[in-house]
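Trainee: Once you've had a glance at the structure underneath, I'll fire off some questions.
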Amino acid sequence: MRYTNIVTSFLKNKEQILILKRSQNVKSMKCLWGGVSGVIENNENPLQRAKIEIFEEVGITEDNINLLKSANAIDVISPQYDNHQWHIFPFLFQTNVSKINLNWENSDFQWIGTNELKKFETVPSLDKVLKTLT
């Protein structure tokens, strides 16, 4: 079984979380909703990668986020690839910033209540990842 280490972060503002719609230009999970995610490169620290991805994907700097919770990594089956799993490191951050500047990786964003997640077509097991943090 092959696996890829990734981070998935949720940003919380007041009582809402941020979800992003992946663009047509990404390699995997096109047009599905997810958190702020990215591949962990080499022996990179997952928390540091999460902060980098937040800045790259939504334009929020490290001084505008506060880590609320992290959880043990969880494995998720990848339906797009045979014999492959995602090894996901989940994070929840608080921010007072609501203005989002998307990069090319995502085409849309929404601030939602956690109970609204089921209304969206999401990357596999996003609800499971979020549940580890709430």
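Trainee: What's the carbon and sulfur percent of the stretch 22-62's accessible surface, probe 1.4 angstrom, rounded to a whole number?
Mentor: 47 percent
Trainee: Also: For the chain, what is the calculated [θ] at 222 nm in deg cm²/dmol (nearest 500), taking -39500 (n - 2.57) for each run of four or more DSSP H residues and dividing by its residue count?
Mentor: Helix contribution divided over all residues of the chain: -4000 deg cm²/dmol.
Trainee: Choose one of Gly34, Phe55, Leu67: the residue whose Cα lies farthest towards the positive end of the charge dipole of the chain (beta-carbon charges +1 Lys, Arg; -1 Asp, Glu; about the Cα centre).
Mentor: Gly34
Trainee: With every protein chain left in place, what is the accessible area of Lys128 in Å² (1.4 Å probe, nearest 10)?
Mentor: For Lys128, the solvent-accessible surface is approximately 100 Å².
Trainee: Taking the Cα atoms of the stretch 1-69 alone, what are Rg (to one decimal) and Dmax (as a whole number) in Å?
Mentor: Expressed in Å, the Cα Rg and Dmax of the stretch 1-69 come to 12.6, 40.
Trainee: Separate question: Which listed residue (Thr95, Thr8, Thr122) has the Cα farthest towards the positive end of the charge dipole for the chain, taking +1 on Lys and Arg C-beta and -1 on Asp and Glu C-beta about the Cα centre?
Mentor: Positive-most Cα among the choices belongs to Thr122.
Trainee: Tell me the relative contact order for the chain as a rounded percent, counting alpha carbon contacts under 8 Å between residues six or more apart.
Mentor: Working: 267 pairs, mean separation 48.2, N = 134.
For the chain, the relative contact order is 36 percent.
Trainee: So, one more: Taking amide hydrogens as modeled 1.01 Å from N in the peptide plane, which residues meet the under 5 Å criterion relative to Lys69, leaving out close sequence neighbours?
Mentor: Placed amide hydrogens put Leu92 under 5 Å from Lys69.
Trainee: Counting only heavy atoms of the protein chains, get the accessible area per residue of the chain (1.4 Å probe) and round it to a whole Å² value.
Mentor: Per residue, the chain has 56 Å² of solvent-accessible surface.
Trainee: Using only Cα atoms, find the angle between the long axis of helix 46-58 and the longest principal axis of the chain, and express it within 0 to 90 degrees, rounded to the nearest 10.
Mentor: Rounded to the nearest ten degrees, it is 60.
Trainee: What dipole magnitude, in Debye to the nearest 20, does the chain give about its Cα centre under +1 on Lys/Arg Cβ and -1 on Asp/Glu Cβ? Can you show the working numbers first?
Mentor: Working: 15 positive and 15 negative charges, 64 e Å.
It works out to roughly 300 debye.
Trainee: What is the chain by shape, rounded, prolate or oblate, if you read a ≥ b ≥ c off the alpha carbon gyration tensor as root eigenvalues and call it rounded for a/c under 1.5, prolate for a/b larger than b/c, and oblate otherwise?
Mentor: rounded
The values are calculated or read from the model by the stated rules, or taken from the named source; none is laboratory data. Please read these numbers as outputs of a predicted model, since none were measured by experiment. Glycine also receives a Cβ, built like all others from the backbone with ideal geometry; neighbour counts cover every protein chain displayed. Areas reflect the complete protein model, heavy atoms only, side chains present, ligands, DNA and RNA absent. Shrake-Rupley method; radii C 1.70, N 1.55, O 1.52, S 1.80 Å.
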